[in-house]
Amino acid sequence: MDHKEKLIQIRKQSYFVRGDVAVFLAALLLIVCTLVVSLNVPKEIGTEFTVFYRGEAIYSADLTVDAEYVFYITGGGGKVELYDSNKEYEQYNRIQVKDGMVRVAEADCADHTCQHLGARNWGELSCGPHYLRIEIRGEGLETDI
């Protein structure tokens, strides 16, 4: 068989055979099913939250009690206390607990990403510039640490 005949034979071949199409459809179906299940599985609601500074737990509180806290950095460590609107803070995050949800209501960091995460009753909130992480815990909730 010369060069031209080889090219003609290659052009006659199909790009996909039935088995290839079946594998692609099965993979697509598996991806769609995984997305549907993961998005529709109800999430457990947290009952408490823990504040971490540089990976160390420094404060825990109940999510059922509405309150406002302030996290601030002082003396090389992090501290959490009830928020006092008459007091001025530096390097701080104001943490608001309302209706069983926790959120960072105000922060003086440069990017304010933590404020845009919104209120949550599961998962985690974090502020990179202040090395702050708020982990929401409860029965049936698991987080990777």
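Where a number appears in this text, it was derived from the coordinates with a stated rule and is not lab data. Quick caveat, the model's predicted, so the values are computed rather than measured. Ideal geometry is used to build each Cβ from the backbone, glycine not excepted, and the neighbour counts take in all protein chains shown.
Dividing the summed -39500 (n - 2.57) terms of all DSSP H runs of n ≥ 4 by the residue count of the chain sets its mean residue ellipticity at 222 nm at -8000 deg cm²/dmol.
For region 41-96, which trypsin sites (Lys or Arg not before Pro) are in a loop by DSSP, counting at most 13 other Cβ atoms within 10 Å? Of the trypsin sites (Lys or Arg not before Pro), the ones in loops of region 41-96 whose Cβ has at most 13 other Cβ atoms within 10 Å are Lys43, Arg54, Lys87. Rounded to the nearest 10 degrees, the inclination of helix 18-40 to the longest alpha-carbon principal axis of the chain is 10 degrees. Here the Karplus curve 6.51 cos²θ - 1.76 cosθ + 1.60, taken at θ = phi - 60°, turns the phi angles of region 61-67 into couplings of 8, 7, 7, 7, 9, 5, 6 Hz, with x standing for Gly and Pro.
Given R0 = 22 Å, the distance between the Cβ atoms of Asp84 and Arg137 translates into a calculated FRET efficiency of 0.25. The reciprocal of the average 1/r between distinct C-alpha atoms defines the Kirkwood hydrodynamic radius, which for the chain equals 18.9 Å. Between the exposed loop cleavage positions of the chain, defined as chymotrypsin sites (Phe, Trp or Tyr not before Pro) in a non-H, G, I, E, B DSSP state with at most 10 neighbouring beta-carbon atoms within 10 angstrom, the longest gap is 17-145.
For the chain, taking a cut-off of 4.7 Å between Cβ atoms, the unpaired cysteines are Cys33, Cys109.
Within 10 Å, at most 12 other Cβ atoms, and a DSSP state outside H, G, I, E, B define an exposed site. Report the longest part of the chain free of exposed GluC sites (Glu not before Pro).
Numbers: sites that count: Glu88, Glu90, Glu139, Glu142.
Longest run free of exposed loop sites: 1-87.
Taking neighbour Cβ counts within 10 Å as the exposure measure, how do Cys109, Cys127 sort from fewest upward? Present the calculation step by step, with values, prior to reporting the outcome.
On the way: Cys109 17, Cys127 21.
By the 10 Å Cβ count, ascending, the order reads Cys109, Cys127.
By the beta-carbon count within 10 Å of each Cβ, the least crowded to most crowded order of Leu132, Leu25, fewest first, is Leu25, Leu132.
Each of Met101, Met1 was scored by other Cβ atoms within 10 Å of its Cβ. Listed from fewest to most, they are Met1, Met101. The simple spin-label model puts a point 7 Å past each Cα toward its Cβ; for Val37 and Leu25 those points are separated by 2.1 nm.
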